[in-house]
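The values are calculated or read from the model by the stated rules, or taken from the named source; none is laboratory data. Remember, predicted model here, so these are calculated numbers, not experimental data. Cβ sites come from the backbone with ideal geometry, for glycine too, and all protein chains shown count toward neighbours.
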Amino acid sequence: MVRHTLNLIDRTHDDGNLNKISVITTTSPNAVGSYYSTDTEGQYIAVKPKSHHPRMTMAHEVGHFLDHRGFHVPTTGLTGDLKDFTPREDVGKFASEYHADFQEWRDAVRASQGFKDLTSPYHRKCHECWARSYAQWLARKDLQLTSELQKMRPDWVGVDQQWRGVWRDDDFAPIADAIEKLFKKKGWLP
């Protein structure tokens, strides 16, 4: 399942010269996936293969890795427009929080009803919104991920708390457009 998502990512977009990152399985009762890193390096991604949505979880965690290492530049004194997002203690670790190229994406997320409906401070963190939106953008390109995504919609009774920030298709369109533009500007899409 994890390999399926990684193959989809490779078919969908380039990612520059990123270092390889290990992927391990986890049986943690507290998380379906995690991205582990230092301030400067991605260490590994852990995914629980027996969760209800392992492919989407893998995409979400890769989203964190891309945010942390794919767009990362030194952040001395840089901050993005984080109005409405829950602040992190270590702002600057993730490019979605400060990088100017993410401004259209931040604006699209802020304008979305899905974001406005979020009540959990954790789910309103900029880097979490990025990882969820990247996973949802990727899911639009694959039937298996789309199937998992459909089970995560806000109107699905059993939706996992982590995925309360999944957008409806019409609400997501401007966010998807911003991701496409961001990846084209980075040279990751033709």
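Return the residue satisfying two criteria in turn: it lies in the range 1-44 and is touching a His at 6+ places or on another chain (Cβ under 8 Å) and within 20 Å of G70 (Cα to Cα), and of such residues it is surrounded by the most Cβ atoms within 10 Å (Cβ to Cβ).
Selected residue: G33.
Could you list all residues from the range 99-132 that are farther than 15 Å from D171 by Cα and small (G, A, S)?
Matches in the range 99-132: A100, S120, A131.
Could you tell me which numbered condition K181 fails, if it satisfies all but one of (1) modelled with pLDDT of 70 or more; (2) of a type outside the set (A, V, I, L, M, F, W, C); (3) part of a loop (DSSP other than H, G, I, E, B)?
Among (1) modelled with pLDDT of 70 or more; (2) of a type outside the set (A, V, I, L, M, F, W, C); (3) part of a loop (DSSP other than H, G, I, E, B), the lone unmet condition for K181 is (3).
Suppose we filter R11, R69 for residues that are touching a strand residue (DSSP E or B) at 6+ places or on another chain (Cβ under 9 Å), of a type outside the set (S, T, N, Q), under 24 Å from F102 (Cα atoms) and at pLDDT 85 or above; which single one remains?
Of the residues listed, the single one that is touching a strand residue (DSSP E or B) at 6+ places or on another chain (Cβ under 9 Å), of a type outside the set (S, T, N, Q), under 24 Å from F102 (Cα atoms) and at pLDDT 85 or above is R69.
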